[in-house]
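Asks: My structure is below; once you've seen it, I'll send some questions.
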């Protein structure tokens, strides 16, 4: 491997030292790392453990995948190099273009399987957030390595498996595989726009531990409206309104006069496009006993809902009040800018942007300056 091999060996030794430190920290913390709720320092430790402690096992299985197919094809292994974070096996002979293709592919299929299995457990068999985080990081590391970083390393000169997998001599199988590779990578990127990625992130966050506790409380006491509303609010924070709706409906059914229940259900319905959201959110924000933070989020949800339906005058009013309470909220900035550019009376909207800019919102400052330049060139209605 030449200079590449020397560099990887040195890097592996450094990683091994960090792995020992990580293992020591993990042993000192013991079972408390996996106690609920997940704490920030525990999350950092588990993320480090997923790379420094689990990657060597994944690399070993990768190389075993290569070796298993070599023996299945009637060959044998004449050299093995394993430095925890990288390695290789050398077969006794070539098996021809397609045989070498299969041997090179075998180890990477093992890596892909590890990543997919970890992602499946995190998504389909979630337990406590700490274990979910470990699975999630393992999935991210293995999938990013086999789909992105290892192919790129081969492309820039590292003599690895993908030079054998995607070589011209085996184009009848290499070309469809490359298309599938790119399609799967594209699907993973596209999936970030749906609910798959928010769900993946939720399971590995402290919100998941809270949801599990509240669901346990609901199982023990079905009339616990607070538990239902807390779980619904956690789903909203995780950008999963569909999961929030039934819990919020349950909370409102148990407490029909609760402004908090109306606000939470209204937000969930607004994010799913239900027209009932307008009435619920409007009723919630006009009731004086609503928590200020919850009221601000309710106004923001109402502003988004109204803007999507072209009611920009009301949307700007709600977005301005939301931005005053949440000066860092860029979604409110977007609604205000959209309203001003559409010709909605701009004085109050500009004032709200100015207040947010004064309180450190850089997006508000930039948009305010752009709108002021536009207004100077082509004045809108005051």
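Asks: For segment 205-277, what is the convex hull volume of the alpha-carbon atoms per residue, in Å³?
Replies: 66 Å³
Asks: Still on this structure, please answer the following. For the Cα atoms of the chain, what angle does the longest principal axis make with the long axis of helix 312-325, in degrees from 0 to 90, nearest 10?
Replies: 70 degrees
Asks: Could you please rank 153, 145, placing first whichever residue has the fewest other Cβ atoms within 10 Å of its Cβ?
Replies: Placing the least packed residue first, the sequence is 153, 145.
Asks: Next question. Note down the Stokes-Einstein diffusion coefficient of segment 23-66 in µm²/s, whole number, using a Kirkwood radius over alpha carbon pairs, 25 °C, and 0.890 mPa s.
Replies: 211 µm²/s
Asks: Now for a separate question. According to the square roots a ≥ b ≥ c of the eigenvalues of the Cα gyration tensor, what is the shape class of segment 134-185, taking rounded for a/c under 1.5, prolate for a/b larger than b/c otherwise, and oblate for the remainder?
Replies: Oblate is the answer for segment 134-185, as a/c is 1.5 or above yet b/c matches or exceeds a/b.
Asks: Could you give the alpha-carbon Rg of segment 224-382 over 2.2 N^0.38 Å, rounded to two decimals?
Replies: This ratio for segment 224-382 stands at 1.08.
Asks: I'd like the orientation of helix 171-191 relative to the chain: the angle between its Cα long axis and the longest Cα principal axis, in ° from 0 to 90, rounded to 10.
Replies: Value to nearest ten degrees: 30.
Asks: Can you give me the three principal axis dimensions of the chain from its C-alpha atoms, in Å, biggest first?
Replies: Dimensions of the chain along the principal axes of its Cα atoms: 79, 61, 39 Å.
Asks: Let me ask something additional. Could you put 291, 79 in order, starting from the residue whose Cβ has the fewest other Cβ atoms within 10 Å?
Replies: Listed from fewest to most nearby Cβ atoms, that is 79, 291.
Asks: Follow-up question, since we're still on this one. Once you put a point 7 Å from the Cα of residue 242 and another 7 Å from the Cα of residue 362, both along the Cβ direction, what distance in nm separates them?
Replies: So the two model labels end up 3.5 nm from each other.
Asks: As a test of the formula, what do you get for the chain when each DSSP H run with n ≥ 4 contributes -39,500 (n - 2.57) and the sum is divided by the residue count, at 222 nm and rounded to the nearest 500 deg cm²/dmol?
Replies: Only helices count here, giving -24000 deg cm²/dmol.
Asks: For segment 260-346, what is one quarter of the convex hull surface built on the Cα atoms, given in nm²?
Replies: Across all orientations, segment 260-346 yields a mean hull projection of 5.0 nm².
Asks: Determine the gain in length on full extension of the stretch residue 120-residue 76; use 0.36 nm per residue of separation and subtract their C-alpha separation, reporting nm with one decimal.
Replies: Separation in residues times 0.36 nm, less the Cα-Cα distance, equals 12.4 nm.
Asks: Given C-alpha coordinates of segment 114-161, what is the ratio Rg to Rh with the Kirkwood estimate of Rh?
Replies: Answer for segment 114-161: 1.17.
Asks: What's the percent breakdown of Cα-Cα distances in segment 2-195 across 10 Å bins, shortest bin first?
Replies: Here the calculated profile for segment 2-195 is 8, 30, 34, 20, 7, 1.
Asks: Please give the per residue volume of the convex hull enclosing the alpha carbon atoms of segment 1-109, rounded to a whole number of Å³.
Replies: 126 Å³
Asks: What angle, in degrees between 0 and 90 and rounded to the nearest 10, separates the Cα long axis of helix 96-124 from the longest principal axis of the Cα atoms of the chain?
Replies: The angle comes out near 30 degrees.
Asks: How large is the translational diffusion coefficient of segment 112-234 in µm² per second when you combine the Kirkwood radius over alpha carbon pairs with Stokes-Einstein at 20 °C and 1.002 mPa s?
Replies: 127 µm²/s
Asks: Ranked by Cβ crowding within 10 angstrom, fewest neighbours first, how are 317, 154 ordered?
Replies: Sorted ascending by nearby Cβ count, the order is 154, 317.
Asks: Still on this structure, I have one more. Can you compute the FRET efficiency between residue 283 and residue 253 using 1/(1 + (r/R0)^6), with r the Cβ-Cβ distance and R0 = 22 Å? Round to the nearest 0.05.
Replies: 0.90
Asks: Which residue, 110, 78, 285, has the most motion in a Gaussian network model of the chain that connects Cα atoms within less than 10 Å?
Replies: Of 110, 78, 285, the most mobile in the Gaussian network model is 78.
Read-outs: derived from the displayed coordinates by stated rules, not from any lab. Because the structure is predicted, anything quoted here is derived from the model rather than measured. Using ideal geometry, Cβ is built from the backbone for each residue, glycine included, and neighbour counts are taken over all protein chains shown.
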